[in-house]
Amino acid sequence: MLATTLRALSEAVSKIDIMYHHALLHNIFTMSIWYYNRDTRDALLDLIIRLSAVADQYLRECLQMLVNNFTPPGPLVSQMEKLVSDDKRKEIYSQLHESLKMISDTVPLAPRVLKDIINRSMPKLFDNKVKMVSFVECMLGLDTERLGDLIGTSLLEKVVDLLTELDVNITWEDILQEEHSKGIFEMELEDLAGDVDKFGQETEVLFGGNVCAEKLDGLMVVVCEHLKSCAEHGCLKREFDILKTIFRKGVLKVHKSKFAQFIMFYACSLDPEICGLDFALFLTDIFTKKEDDAIARMSAVSYVGSYLSRARFISADTVVAILKRLVDWCIDHCERQKKKHTRTKNPVEHQIFYASCQAVMYVLCFRLRSIMDYPNLKSQVFKMNIRSILMDPLEPLKVCLPSIVNEFLRQAKAARLFNASVDLELEDRIDSDLSKAFGGVNRLDMFFPFDPYLLKESDRRYIRPNFEFWSLVKTTYSDDEGDELGDFNAPGMNVDSLDDNFDVELNSDDDDIEYTMNKMSITPHRSFYHPMAMSGDSGLSMPARIRPSVSPPS
């Protein structure tokens, strides 16, 4: 009956008298298509399409009505999964998309008005999860063909803004609820993943029912599905280029971002040869060029170090090529400093240099053993003058994280990376005005934006298969296969010349420092506070499944 009435109204739209039935039109604009069957929905949407084209005064009302239907009405929201099947939900989205496309094709002004309406209708931080996920899922469905070309950038930007807002509102006490005295490279949460059920149960305990984390997890699933669909339809590169611009503008320097950046990680995993390589070069360009501010450059080099370490899909030759650019930049920096009459060791002044040194060592901790399997790449790494950087008077080994330094030197020694005897023993403390910057608790801040991902559903489906966990990394000193690494010798190396003091000494009592989870963030700052927990009795170990990195508290 209702469908018949709606069709009659559609036929009467061209008649001027329907425009005077304001009360009737108001009721139509407030209707929800979620309550009706397919036939009634078709009739109602046909009426809306006709109304939008007859008079400009109804265009906004028609578009607003369609956008309002991106989410189910209030009474359905709480029981969405029970009352609305996946098939019906997808069918409704498809009808909405087709209606908006038809209006866009008919009314040239429609995309601009639609863009404004979507901006105003975007979910807010405290909206219901079902409403939030439903709106974003339907909205991203518009990012195709003509509508995508017209408003696609705006759609993605709004989604990333929402992801980031949720992200920064998640505190680590909400996720990891108990205090830990372990250092960043000691928390082995990956061991919880013995099987799917056990991991799911333990993850639920860790999250403690945090509402923002649950919303973000749901939205990450929607965005990853959207990117997967783009890859299947051959338009991923277009989407990736848009995301890259949004990332640089809205994520790269965001304080406390922990998860939102993984949309870039997943997009790269879908096309490693093009997008994966492009992202590494993109980050490296930001770091090496002076156009950006210091914080952006420092973030970029930390991102590229973390990315090359954690992305399983990145080839070894790409890793080596990017490492060479980082090492070359560090060498140039050292050379420029040598030419100065006054040379300081102020870590703030050289923070980009230290961040780059740390990134190089971090990547090699993860990748050195696998690089050794390729003679040509091994040769390139041995030719990099890494030794000159580490032995420079700027003393990066005294500023970078002790755990990274220790692990890197251990692997470098086993691989015989250096061709000459090198004594890299560190002093426990420096009795000078620089001690706060170089020793004790105030070391270079931790910033590894692609640390293990703790949102369980999106992790399981999209991130985990592409992510390198430390526990799965084979190191140069590993003897799991009875390999004594004799084939790792550098050309012309005298093995007996290696100094026994090659390893860093980190057993200072002052290093027994605990930190609390509410101090955690990952945005690099100009200070170098490092609240790192280290044990004076045991060596530092690299991370497997760890909590995200930290930087100075704000």
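The values are calculated or read from the model by the stated rules, or taken from the named source; none is laboratory data. Computed from a prediction, not measured in an experiment: that's the story for all the values here. Ideal geometry is used to build each Cβ from the backbone, glycine not excepted, and the neighbour counts take in all protein chains shown. The protein model used for the area step is the full one, side chains on, heavy atoms only, and it has no ligands, DNA or RNA in it. Shrake-Rupley method; radii C 1.70, N 1.55, O 1.52, S 1.80 Å.
Computed values, structure above
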| read-out | value |
| --- | --- |
| Those residues of the range 234-249 which are outside any helix (DSSP H, G or I) and either crowded, with 16+ Cβ neighbours inside 10 Å or of a type in the set (S, T, N, Q) (or both), in sequence order | 235 |
| Of all residues making up the range 125-146, the number that are under 20 Å from residue 65 (Cβ atoms) and not in a helix (DSSP H, G or I) | 3 |
| For residue 149: the one exception among (1) touching a residue at least 12 places away in the same chain (Cβ under 8 Å); (2) under 30 Å from the mean Cα position of the chain (by Cα); (3) in a helix (DSSP H, G or I) | (1) |
| Test for residue 269: is it in contact with a helix residue (DSSP H, G or I) (Cβ under 7 Å, 6 or more places away or on another chain), under 18 Å from residue 449 (Cβ atoms), open to solvent by 10 Å² or more (accessible area, probe 1.4 Å) and of a type in the set (Ser, Thr, Tyr) | yes |
| Some residue of the range 280-299 being touching a strand residue (DSSP E or B) at 6+ places or on another chain (Cβ under 8 Å), open to solvent by 30 Å² or more (accessible area, probe 1.4 Å) and more than 18 Å from residue 394 (Cβ to Cβ) | no |
| Boolean, residue 225 is charged (D, E, K, R), modelled with pLDDT of 95 or more and part of a helix (DSSP H, G or I) | yes |
| Filter pass, residue 191 being in a helix (DSSP H, G or I), modelled with pLDDT under 95 and at negative phi | yes |
| Residue list for the range 383-399, filter: surrounded by fewer than 23 Cβ atoms within 10 Å (Cβ to Cβ) and in a loop (DSSP other than H, G, I, E, B) | 384, 385, 391, 392, 393, 395 |
| Matching residues in the range 304-342 - criterion: being in contact with a strand residue (DSSP E or B) (Cβ under 8 Å, 6 or more places away or on another chain) and open to solvent by 10 Å² or more (accessible area, probe 1.4 Å) | 312 |
